[in-house]
Amino acid sequence: MEMTAANNGAPANTPTSDTAAIRTDHLVRHYQMGSTLVRAVDDVTLSIVPADFVALLGSSGSGKSTLLNLMAGLDRPSSGAIFAHGRNLAEMSSDELAKHRSHTIGIVFQAFNLLPRMTLEENVELPLRLAEVERSERDSRVREAVERVHLSARLSHRPSELSGGEQQRAALARALVNRPTILLADEPTGNLDSATGDEIMLLLREINETLGMTIVIVTHERPRAERFAHRMIMMGDGKITSDGAPA
Amino acid sequence: MKTRDLMDLAARNLREALLRNFLTTLGIGVGVASLVAMLSLGVGLQNLANDRLAKSGLFDAVIVTPLTNFGGFERPQQPSPGPPPVARPLDEDARHQIEALPNVVEVYPEIRFPTEIRFAGNPYPTIVAGVPPSAREGGSFDDMKGSFFSSPSANEAILQIELARQLSSQPDALLGQEIVLRYAEREPLPADSGGGNPGTGGFSIVPREEKLRIVGIVETEPAAGVGSFGRGRLLIPLQVAETLRAAQTNDLRDLLRDTPAKRTYDNLTVRVKGAPQVKAVEDAVKQMGFGAFSLLDATRNLALVFTVFDLLLGIFGSLALIVASLGIINTLVMAILERRREIGVLKALGAADRDVRRLFFAEAAAMGLLGGLLGVTIGWLIGRAINFGTDVYLTRRQLPSIAVAAVPWWMVAAAIAFSVAVSLAAGIYPASRAARLNPVEALRYE
């Protein structure tokens, strides 16, 4: 099911840009920090097929979050190319990247990043407002997303009134509400206890299986990644050090 | 993002830091209030001047003279494409013809003649002037003692204070008393007694007397209309003055004309509905073959002076608003710092730079709008307070009340629009800065 990716070389069995959900081609992201050049992502070439469940693993500073940000269109590569459903994000304008984030990508953060003064319902509705979805349609879309994460009873609650797990589920509902094709999650279980983290991972698996959504998660929890992901990409110093199915 | 959603989010953000945003809005309000208060004074004073000048009859009047007159009041005649107008006598026919012109309110002659009045057995030489009923609205009689003429045909007189002081050491005691007016009446002669030219007629000068009751004493010298009854010391209703048929200076000229029995006027004052119609009436009168003169040019100069005055007041008033705009910049820049992460989240969820920019502009505009409304209200209240204070001051000095400050609707709309515009201008830098925020860095911000 999953494709392999190789570091610094042509990936084996690489899907074409038309069929891959995400494909990177010699992707580079360097930062200048004072006089030091930080090679956060360094010549990464990989391809992810639709409906795959990929875990990006690595130690802190390995470049996994930077790679995820590049996939999300939140950051731009220094060189190379990154395609989402065949469209090169590196060549997109700022507005086009915003549309990409709005329509193609759903994103979940470690810190949940729910807006504290909004209720759960309003937080989940926010991407619909940004995507200019008609008001008449919003209500049903919000309920559908909230039901999927089993939070229907908490619609009117503010984030501060929700547990960590509930907040992450709310963030997941917010990421799903625009019906994206790719779901990116940056350490989604990092702020949660083990049991709650498993709940979130189960939800992600369910979404992957029922909706056929491509999921890429960044995590440093290898055992959990092995349990849930179809493919594990290890990163170190901005490069892919290994790529393959969990053992 | 749709405008409604944008406004909703902006309102939510403004409510979030309520005290700070309220204080910023209050700052704008004070700025707008200062602007409105300044301008309301300028406009109020302009209205007052315009009103007084309009009432004075200087700016809605056209003075008509026969072309045969010597030069004087008339402006240089513009060369007209048609044949030059034929000079005509300014007589009763001409008066009716001018009265029939559109936008003409009234046409009255200048009747002023030297005379002698008798009071308490003593003679006093003076000059009598006829006053049209419309002069009552002119403001010149606002502060008079006694009252205006009870009717246009009443045998009543208003004395100018200098004359009243001549008649009595206690001028106020003259009210209600009678004086005798001695004057020379122009009496037409039969047609065959014109002195050699059969059929032309003529007139004789006969001394007459008329009793008048003193109804008022006026401090100033009323000057309703250019060259009109100003300079008269004894004012009587114009209609009464006309029926007296008192001999005037132009009577000698009438005597030399072919029809001396037919009376002509030295000049006629034409009152027009308003200043905008003066030019058309002036042109029509000239076309009829008369000289015409108005003070329109003076009105234009006055308007220019007040425009400059308003501009200066507006500049001073705007200073406070400009200071307030720094408050908006400060508030929004602070908001960017506080909401850095939120901006990152919005961008991650699909907000374009444009959406973030519009959101900050909407917040700036909302503060500008609320500040504008608040400022206009405060400015209006300041204007009312100024008017109240002025009223109290004038009343204590037994002077009629006037409105010194005025806040017309256009000023309300302009002040609010200006407030929003200044707020939007103040929002340019913060909005651009927020829109340019790198979402990755913003999301990392704690």
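The values are calculated or read from the model by the stated rules, or taken from the named source; none is laboratory data. Remember, it's a predicted structure, so these values are computed and weren't measured experimentally. Note that each Cβ is placed from the backbone with ideal geometry, even for glycine, and that neighbours are counted across all protein chains shown.
Observations on the structure shown:
- Annotation for the stretch B:63-72: at least one member residue is modelled with pLDDT of 85 or more, farther than 30 Å from B:Val323 by Cα, more than 14 Å from chain A (Cβ to nearest Cβ) and touching a helix residue (DSSP H, G or I) at 6+ places or on another chain (Cβ under 6 Å).
- Entry remark, the stretch A:190-243: residues being over 17 Å from the mean Cα position of the chain (by Cα), under 21 Å from A:His150 (Cβ atoms) and assigned to a loop (DSSP other than H, G, I, E, B) number 2 in total.
- Residue in the stretch A:84-94 that is facing another protein chain (nearest Cβ under 10 Å), under 18 Å from A:Ile215 (Cα atoms) and surrounded by fewer than 24 Cβ atoms within 10 Å (Cβ to Cβ) present: no
- Residue tally, condition within 22 Å of A:Ser242 (Cβ to Cβ) and either outside any strand (DSSP E or B) or of a type in the set (Gly, Ala, Ser) (or both), over the stretch A:52-76: 16
- The lone exception for B:Ala413 - which of (1) in contact (Cβ under 8 Å) with a residue 60 or more places away in the chain; (2) under 30 Å from B:Arg15 (Cα atoms); (3) surrounded by fewer than 17 Cβ atoms within 10 Å (Cβ to Cβ) it fails: (1)
- Residue within the stretch B:242-250 that is more than 25 Å from the chain's Cα centre (by Cα), in a strand (DSSP E or B) and modelled with pLDDT of 85 or more present: no
- Matching option when the condition is assigned to a loop (DSSP other than H, G, I, E, B) and within 14 Å of chain B (Cβ to nearest Cβ), among A:Ala173, A:Ala111, A:Ala185: A:Ala111
- Sole exception among (1) assigned to a loop (DSSP other than H, G, I, E, B); (2) on the phi < 0 side of the Ramachandran plot; (3) within 13 Å of another protein chain (Cβ to nearest Cβ) for A:Arg129, by number: (1)
- Test: residue in the stretch A:111-121 that is of a type in the set (Phe, Trp, Tyr) and within 24 Å of A:Thr189 (Cβ to Cβ): yes
- Filtered residue count, the stretch A:70-112, keeping only those that are in contact with a Gly (Cβ under 8 Å, 6 or more places away or on another chain) and without any contact (Cβ under 8 Å) to a residue 60 or more places away in the chain: 8
- Close pairs from the stretch B:8-29: first within 12 Å of chain A (Cβ to nearest Cβ), partner surrounded by fewer than 19 Cβ atoms within 10 Å (Cβ to Cβ), Cβ under 6 Å, at least 6 apart: B:Glu16/A:Arg117
- So A:His157, is it assigned to a loop (DSSP other than H, G, I, E, B), under 27 Å from B:Ala17 (Cβ atoms) and away from chain B (no Cβ under 11 Å): yes
- Taken as a whole, the structure places B:Ile402 among residues that are at pLDDT below 90 and more than 19 Å from B:Arg15 (Cβ to Cβ).
- Sole residue being part of a loop (DSSP other than H, G, I, E, B) and modelled with pLDDT of 85 or more, chosen from B:Ala87, B:Ala154, B:Ala94: B:Ala154
The rows are residues; the columns are (1) within 20 Å of B:Gly42 (Cβ to Cβ); (2) small (Gly, Ala, Ser); (3) not assigned by TED's automatic domain parsing to the domain that holds B:Ala324.
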{"residue": "B:Ala385", "(1), (2), (3)": "yes, yes, no"}
{"residue": "B:Thr390", "(1), (2), (3)": "yes, no, no"}
{"residue": "B:Thr395", "(1), (2), (3)": "no, no, no"}
{"residue": "B:Leu399", "(1), (2), (3)": "no, no, no"}
{"residue": "B:Ile402", "(1), (2), (3)": "yes, no, no"}
{"residue": "B:Val407", "(1), (2), (3)": "yes, no, no"}
{"residue": "B:Val412", "(1), (2), (3)": "yes, no, no"}
{"residue": "B:Val422", "(1), (2), (3)": "yes, no, no"}
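- Hey, B:Phe59 modelled with pLDDT of 85 or more and aromatic (Phe, Trp, Tyr) or not: no
- In the stretch B:416-437, the residues that are loosely packed, with under 14 Cβ neighbours inside 10 Å and more than 45 Å from the chain's Cα centre (by Cα): B:Arg436
- Filtered by the rule that a residue be more than 8 Å from chain B (Cβ to nearest Cβ) and either surrounded by 24 or more Cβ atoms within 10 Å (Cβ to Cβ) or assigned to a helix (DSSP H, G or I) (or both), the stretch A:95-104 gives A:Glu96, A:Leu97, A:His100.
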